[in-house]
Every structure is written in C-alpha cells, then in structure tokens.
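Each remark here refers to the structure printed beneath this line.
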Amino acid sequence: MPDKLIIFDYSGTLSPAMAAFGASDNLACYLKESGLQEIGIKDNNHFWNVVNEIWPEGSLTKAGYAGTLQNHLFKLFPATGKMKIKNAVDSFAAAYFSTSVIDDGWRNTLEKLSRDENSLVVIATDSYAETTKTIIRNLSQWRIKAVRVGAKTASNFIVANSADIGADKKDRLFWNKIRTVCPAGIKKILLIDDFGAAEPQGDAYGQKKKIAERRKKTVALLTAVFGVPVRLAPAANLTSKNFVSLLF
C-alpha cells in the first residue's frame, strides 16, 4: 500500500518541450506552418492575447485546446471559411501535443517509481483536455501504465488534469478530487513543480506574481487536504539524481 505521494507538474517540469513550444522563434514558425498566420494571427503577441482569452474555458472544461481555439477564431474572423480555420487549428494543435514529450532524463526515475509499491505518482497539470491522453501515451512508450484521475482501472500513476476535474491546482476542489483516489496511509508528499516559471513570455500563466501566489497556495492546500508534511522540490533545480536522494 503506497505511503508516499509524489506529485509532478507536467509542462515545464516533466515536459520542458511543452513549455518551449511557445518560445518566440518556435511559435512564429508554427503559426506560419499551420496556417494560423494566414488566417489573421499575425504575430506572437496576437497569439498570446487569444490564448489568454480562451484559457479559462480551455483549462476547465473538456472542450479541448483545438475546440476552444477554433470557436474563438470563428468569432474573431467571421469572414474566413470555417473549414480553413479548422484545418489550421488542427495542424497547430497536433504540432503542440506531438512535441509535448517527457524529457528522457526522467525515464529511469519514472520507471523506478512505476515499480515501487510504496509510491503513488500523480501528474497534476493545469491544461487542456487533450493533455491527459498525451501524458498517458507518452508514459506508455516507456511501458508505464497511467490512468486519468477517477478511472476504474488500477495504476500507481494517475493523471490529474484541470480540464477533467473542472478546477485548477490553486483550488481546493482539485486536490480534494485527488484525495478521493489516494489510499488512507499516505504519510508524506513530495511536490515537483515549477508553478509556471518555464512558460514563455506572453503567457499570463507564467507571470511572476502568479507563480509566487500559486506556489504558496498549492503547498497550503496540499497540507490542509492531506494533513501530512509536504516537501517542495522546485523543478528548476531538480535532476533525476538529486530527486532520488530526496525520496528513496
């Protein structure tokens, strides 16, 4: 029975590539290649304005990244054919999720955790609905079985996505949901999260003030919900080697 709960953030932590997708040069390239630039999203600033507008719905519902972005662009560019918008959005979203892989440096650690009966791993992310399947698929490539939070299938790897839960990590409801699927014997928690620090410039999620607030509130919520000590391991200073020393 697991007595350790290890909570990983995804974008920027397990997957630096997911955050790096929005880096200035990368983003400009993908906007052009997908067709979004031709539709009317002329530059990176315009793109981030759009993303910041769709984020509340996209991250808290099952509408998905492609769905919320597409519907927003239908309204923003009504004179553009819907099929043209759909094709551009689908191309852009496919590129985003296909590049959002887990850094290979985490492989040995995650494989070890998947075999550890005393550990329960939760990948907790504020993200779009498609991210859940992306994470599960990426782990499966290393023969690590993961399930979405609330799934009936047993696994010691659980993906908890704000889009599935309907609340994000700064809300108690998010952690209460995770608590319902955890065994009663959890004695300690290790949290590995950059709290949005790796998000590219322009993404409102990565604002410094919000990062500090998110960090403080998340640790307080975890402590209140689980009633056990929470050890914070900032992702920016973490390697597989010193992670193992923290836990095992």
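Points to keep in mind about this one:
- Inter-part distance where the stretch 10-56 and the stretch 120-169 are each reduced to a Cα centre, Å: 23 Å
- Crossing angle, helix 65-76 versus the chain [Cα axis fit, 0-90 degrees, rounded to tens]: 30 degrees
- With 30 Å as the limit on Cα-Cα distance, the pairs of K112/K187; K145/K210; K84/K177 that go past it are K145/K210; K84/K177.
- Here the ratio of the Cα radius of gyration of the chain to 2.2 N^0.38 Å is 1.02.
- In a reduced charge model with +1 at each Lys and Arg Cβ and -1 at each Asp and Glu Cβ, the chain shows a dipole moment near 740 debye about its Cα centre.
- The residues of the chain have, on average, 48 Å² of accessible surface per residue, using a 1.4 Å probe with all protein chains present.
- With respect to the chain, whose longest principal axis is taken over its alpha-carbon atoms, helix 24-34 is tilted by about 60°.
- When the Gaussian network model of the chain links Cα atoms closer than 10 Å, the mean-square fluctuations of A146, A63, A79 top out at A79.
- Loop-located trypsin sites (Lys or Arg not before Pro) across the stretch 50-123 with a Cβ neighbour count of 16 or fewer within 10 Å are K62, R115, with loop assigned by DSSP.
- Remark: spin-label model distance L76-R231 equals 4.4 nm, labels positioned 7 Å along the Cα→Cβ axis.
The values are calculated or read from the model by the stated rules, or taken from the named source; none is laboratory data. As the structure is a prediction and not an experimental result, all values here were calculated from the model. Virtual Cβ from ideal backbone geometry, glycine too; neighbours counted across all protein chains shown. To get the accessible areas, we keep the full protein, side chains included, count just its heavy atoms, and leave off ligands, DNA and RNA. Shrake-Rupley method; radii C 1.70, N 1.55, O 1.52, S 1.80 Å.
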